Amino acid sequence: MREAIGQLMTSSFMNENTIPAVAVPYTKKSLELAERWSKLKQIQKVGIRFILVQENENIKLYK
């Protein structure tokens, strides 16, 4: 997840219309990180959303 955030932040394709999001498989660890990191001021300032995809194709969104 950390690497995905880094790729997102260094992308030259971000502009004012971009909704920054990171999609990862749903695991206990990714849930823990999404819950914790979505509360960080620097993540909130950029507006990064975390999309956790479960095996049954349901998603959980954290912003």
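Read the figures in this text as sums done on the coordinates, not as results from a lab. Bear in mind that the values here come from a model prediction, so they are computed numbers and not experimental data. In this analysis, Cβ positions are derived from the backbone assuming ideal geometry, glycine residues included, and neighbour counts consider all displayed protein chains.
General observations
- Hydrodynamic estimate: the Kirkwood radius of the chain over Cα pairs, inserted into Stokes-Einstein at 25 °C and 0.890 mPa s, corresponds to D of 204 µm²/s.
- Helix-only mean residue ellipticity at 222 nm for the chain, each DSSP H run of n ≥ 4 adding -39500 (n - 2.57), per residue, nearest 500: -10000 deg cm²/dmol
- Using only side-chain charges placed at the Cβ, +1 for Lys and Arg and -1 for Asp and Glu, the dipole size of the range 2-62 relative to its Cα centre rounds to 320 debye.
- Sparse-neighbour loop sites [chymotrypsin sites (Phe, Trp or Tyr not before Pro); the chain; at most 13 other C-beta within 10 Å; DSSP]: Phe13
- Restriction of the GluC sites (Glu not before Pro) in the range 1-47 to DSSP coil positions whose beta-carbon has at most 15 other beta-carbons within 10 angstrom yields Glu16.
- Annotation: amide H of Val22 within the under-5 Å range of Arg49, Phe50, Ile51, sequence separation 5 or more or interchain, hydrogens built in the peptide plane.
- Computed extension length for Lys63-Arg49: 4.6 nm, one decimal, from 0.36 nm per residue of separation with the Cα-Cα distance subtracted.
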